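The values are calculated or read from the model by the stated rules, or taken from the named source; none is laboratory data. Just so it is clear, the structure is predicted and the values come from calculations on it, not from any experiment. Using ideal geometry, Cβ is built from the backbone for each residue, glycine included, and neighbour counts are taken over all protein chains shown. The accessibility values were calculated without ligands, DNA or RNA, using every heavy atom of the protein model including side chains. Shrake-Rupley method; radii C 1.70, N 1.55, O 1.52, S 1.80 Å.
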Amino acid sequence: MYRDTIARYAEAGAHKADMVRAHLLSFLIGSALAGAYIGFGDIFMFTVGAHADPSWSHLVMGAVFASALTIVVFAGSELFTGTAMYMPFAALRGDSGVGDMLRVWIACWLGNLVGAAVLAALLHMAGGGVLLTDGSSEFFTVAAAKMAAPGYELFARGLLCNWLVCLAIWMCGRTENDAAKIALIFWPIAIFVACGFEHSVANMFVFALALMGEHPETVTLGGAVHNLVWVTLGNLAGGGLMVGLGYWLQERGAERKVEAPAPAVQPSNALPRA
């Protein structure tokens, strides 16, 4: 039922593990690019959302942020939130080990952080755009709210976010049609942004730029670390448990049902047993 899709993503996870072992620098460069691509989505989202009508702003911001994952998927890069699904598949199939999974997660997360921070520094040098000028009030309000949220809320929002992100990636793996992939990316990403869920890599860019700008006292490095720890854990749970383990268990259940011997059928003319 899902065997081919699981195999494809498990092989991708195993390839990422090989890259980290043999070509770490190349993998980190790909991860940094993904962090920057997600950052571009943040810039687009806050730019169009800063002056949008409040009744439409969440919808508009969700719609435009889908551009970020579209770039990641079609350009090719290493996004941490995607590895939350790839690597459990690879480990469950035995294509790579738990140590490989952890190394990929750590390397990808750090690479994404570097890319997001570099893009933030470049935007700051360029004047900050809408985010640090006439849209700074909304931008800093969002950043401060993310930093102040309790850990359990951030974990839950991170789980819900990456459940949707990995669903988008999962669905893309089930079609070869590029137009269909764009449509399949759009809806889950629009949902997670419009609903206010938390994406660790998107937050890396937000916090890096907020800390570089003339920020209020409510925006702090400690608050950024607090958010990223809980959101990262939630993202791993959303991708690894809700999508990775969920579809793995479905497929295993279907395989057992197919392999189970069919019960013997008694001929209709057979005499009843005493």
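In this structure, residue 44 and residue 252 have a Cβ-Cβ separation that, at R0 = 35 Å, corresponds to a calculated FRET efficiency of about 0.30. Estimated at the nearest 10 Å², the accessible area of residue 46 is 20 Å² with a 1.4 Å probe. Put a dot 7 Å past the Cα of residue 125, heading toward its Cβ, do the same for residue 4, and the two dots end up 4.7 nm apart. On the protein heavy atoms, probe 1.4 angstrom, tell me the percent of accessible surface of the chain carried by carbon and sulfur. Summing carbon and sulfur atoms, their accessible area is 67 percent of the total for the chain.
Taking the square roots of five times each eigenvalue of the Cα gyration tensor of region 1-154, the equivalent ellipsoid has semi-axes of 33, 17, 14 Å, listed largest first. Can you compute log10 of I(q)/I(0) for the chain with the Debye formula, treating each Cα as one identical point scatterer, at q = 0.10, 0.11, 0.14, 0.15 Å⁻¹? Ignoring solvent entirely, the Cα scatterers give -0.52, -0.61, -0.94, -1.07.
Relative to the longest principal axis of the Cα atoms of the chain, helix 24-49 runs at roughly 70 degrees.
For the chain, the longest principal axis of the alpha carbon atoms and the long axis of helix 54-75 meet at an angle near 70°. Note on residue 52 and residue 218: the model spin-label points, each 7 Å out from Cα along the C-beta direction, lie 2.1 nm apart. The residues of region 40-130 have, on average, 42 Å² of accessible surface per residue, using a 1.4 Å probe with all protein chains present. Residue by residue, region 194-201 carries 3J(HN,Hα) couplings of 4, 8, x, 7, 10, 10, 4, 6 Hz when phi is fed to the Karplus relation 6.51 cos²θ - 1.76 cosθ + 1.60 (θ = phi - 60°); x denotes Gly or Pro. Computed log10 I(q)/I(0) for region 91-143 at 0.29 Å⁻¹: -1.03, from the Debye equation with unit scatterers placed on every C-alpha and solvent omitted. A crude spin-label estimate for the pair residue 180 and residue 152, with each label 7 Å from Cα along the Cβ direction, gives 4.2 nm. Note on region 65-113: Rg/Rh from Cα positions, Kirkwood definition for Rh, rounded to two decimals, is 1.03. In region 110-172, the inverse of the mean reciprocal separation of distinct Cα atoms equals 14.1 Å; this is its Kirkwood hydrodynamic radius. Helical runs assigned H by DSSP (4 residues or longer) give the chain a calculated mean residue ellipticity at 222 nm of -25500 deg cm²/dmol, each run adding -39500 (n - 2.57) before division by the residue total.
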